Ligand SMILES: N[C@@H](CCC(=O)N[C@@H](CS)C(=O)NCC(=O)O)C(=O)O
């Protein structure tokens, strides 16, 4: 028997927890959450570090005391417990392609938006040793990542498979999070705009938006 999840260390406004929360909502998984106040440094307290082992959210605690960090690792465990709806791939080839697009989204658009935000917003100075040039470099990369996604979505509804997967979730959270740095969506990315509207209209996404 696999140990059951008992607690999610969460911060619903932060983008990695957002990815996991969307994943959970799509799967219909309910779990007790404990909000972690990142701005107050709660994730760096000795108690948090002793329990979780790393100063970050999300983190998933299991009934046997194991704590899993890293959004993708948490998702992987939860998918083993709740295989449907499948978000990480059925079979090795599909799983590899979803992982590939997930990583491209995470290390591409998601990282560009994240670095741009963390290195430019004065409030983030409590969490980040800020480098304004790095914020600008990353802001400059966003349009290219959006255009690449738009090209990928030509003639298809979803990024990696015939249905929404974790690749879409990561890319969507990143594309949406641009709003926090007031990045303007370039014109002409019609495939991307249609895909964003498709995800925004899903019950899981809508439920998440209204909770915030
Ligand atoms: N690679 C990790 C990243 C986790 C992460 O960086 N989470 C952010 C919130 S989005 C955090 O906890 N930041 C704390 C800090 O910057 O001190 C994952 O995929 O979950």
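The values are calculated or read from the model by the stated rules, or taken from the named source; none is laboratory data. Here the structure is a predicted model, which is why all the values come from computation and not from measurement. Cβ coordinates were reconstructed from backbone atoms using ideal geometry, including for glycine residues, and neighbour counts include every protein chain displayed.
Key figures for this structure:
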item: Number of positions in segment 173-212 that are surrounded by fewer than 17 Cβ atoms within 10 Å (Cβ to Cβ) and under 18 Å from residue 117 (Cα atoms); result: 5
item: Wholly within segment 1-93, helices (runs of 4 or more DSSP H) carrying at least 3 residues that are under 13 Å from the mean Cα position of the chain (by Cα); result: 15-27, 71-81
item: Number of the exception - residue 159 against (1) closer than 22 Å to residue 175 by Cβ; (2) within 16 Å of the ligand (Cβ to nearest atom); result: (2)
item: Residues of segment 125-151 classified as under 24 Å from residue 71 (Cα atoms) and not in a loop (DSSP other than H, G, I, E, B), total; result: 11
item: Options 105, 75; residue that is out of contact with any strand residue (DSSP E or B) (no Cβ under 8 Å at 6 or more places or on another chain), within 14 Å of the ligand (Cβ to nearest atom), outside the structural domain of residue 14 (by TED's automatic domain parsing) and modelled with pLDDT of 95 or more; result: 105
